[in-house]
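Everything on this sheet refers to the single structure shown next.
The values are calculated or read from the model by the stated rules, or taken from the named source; none is laboratory data. On a predicted model such as this, the values are computed, not experimentally measured, just so you know. Here the Cβ positions follow ideal geometry from the backbone for every residue, glycine too, while neighbour counts run over all protein chains shown.
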Amino acid sequence: MDGRTGKAGTASLVGVASDRLRILGLVEEDARRQVAPLAEDPSRAAILLDVDGTLAPIVARPELASVPELTRAELRRLVARYALVACISGRTGRDAWRLVGVDGIIYVGVHGLELAPEADAWRPVLHGFAELDWPWMEDKGLTVAFHWREAPDEEAARSELGAIATRAGESGLLPRWGRKVLELRPPVEADKGTAVRTLLDEHGLERALYAGDDTTDLDAFRGLDGCEVAVRVAVASGEAPTGLREAADLVLGSPEEFLGLLRIL
Ligand SMILES: [Mg+2]
């Protein structure tokens, strides 16, 4: 490498860094403007949060996830301040509570299915699929999830899951593809969006922020449609679906950046 190339490389890195700072400044200004109607009157507003990838950084296995203590401290502050703070997770509500560990938050599990009583009738069918032999499976009672993030041959695993998805469909279940995961769920009209709607209606609230990082969070974004104030936040890591960024009012790069947003709420 000659001196000229080295210099050009350095100049370009400085350029990227200053652009990044400028962009962060614009994001913060925009964020403050958007959340102002919520933060100025918190007794009329809800803060609704996905857990994994939003509060807890993504890790290789869900059981290794954790919510940083600094984030927990902010959540405790928000619980005392807002009319409603809820976590709507793909985990069971009990597991989300264990992970987040903050009292006063409402925990709604299994993508809102825990708020849908008609889902219970499908437990035996789901249980049949939970008995299949798969290296990394999550049986949540109301859904069964097959992960392939750590599969030695991801393409083979993905194709095997394609066959399982077909059989599940024939049994009346709904197969749903997420981030390196196939989830089987009951054919029940319940998702993070219906959970958002139910929670807001129950609490008589028309102002809310929802933050999430994955495809299922798009449902929650739609659950805010019709609200007087709605702030849709995408916590967009490299693996985040592009549709989520496009549907969001605010895009943040990581749970760490999202913690910055919690602090101005
Ligand atoms: Mg998530």
- Query: Regarding residue 169, is this residue within 16 Å of the ligand (Cβ to nearest atom) and not assigned by TED's automatic domain parsing to the domain that holds residue 93?
  - Reply: no
- Note on the structure: Note on residue 239: of the conditions (1) at pLDDT below 95; (2) part of a loop (DSSP other than H, G, I, E, B); (3) closer than 30 Å to residue 41 by Cβ, unmet is (3)
- Task: Could you check, for segment 206-224, whether at least one of its residues is surrounded by fewer than 22 Cβ atoms within 10 Å (Cβ to Cβ), of a type in the set (A, V, I, L, M, F, W, C) and in the same structural domain as residue 72 (by TED's automatic domain parsing)?
- Result: yes
- Message: Under 7 Å between Cβ atoms, which residue pairs at least 6 apart in sequence (or on different chains) link something in segment 192-215 that is under 19 Å from residue 248 (Cβ atoms) with a partner that is part of a loop (DSSP other than H, G, I, E, B) and more than 16 Å from the ligand (Cβ to nearest atom)?
- Response: 196/224; 207/227; 207/228; 208/224; 208/227; 210/224
- Total residues in segment 133-175, condition in contact (Cβ under 8 Å) with a residue 24 or more places away in the chain and assigned to a strand (DSSP E or B): 5
- Query: Is there any pair linking a residue in segment 44-72 that is on the phi > 0 side of the Ramachandran plot to one that is of a type in the set (Phe, Trp, Tyr) and assigned to a strand (DSSP E or B), with Cβ under 8 Å and at least six apart or on different chains, and which?
  - Reply: none
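Rundown of residues vs (1) of a type in the set (S, T, N, Q); (2) farther than 29 Å from residue 167 by Cβ, yes/no style:
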residue	(1), (2)
182	no, no
200	no, yes
211	no, yes
216	yes, no
- Options 150, 131, 155: the member that is among the acidic types (Asp, Glu), farther than 20 Å from residue 180 by Cβ and more than 16 Å from the ligand (Cβ to nearest atom): 131
- Query: How many of the residues making up segment 79-107 are within 24 Å of residue 41 (Cβ to Cβ) and either in a helix (DSSP H, G or I) or within 14 Å of the ligand (Cβ to nearest atom) (or both)?
  - Reply: 5
- Message: Looking for something touching a residue at least 24 places away in the same chain (Cβ under 8 Å), of a type in the set (D, E, K, R) and assigned to a helix (DSSP H, G or I) - is there at least one such residue anywhere in segment 110-128?
- Response: yes
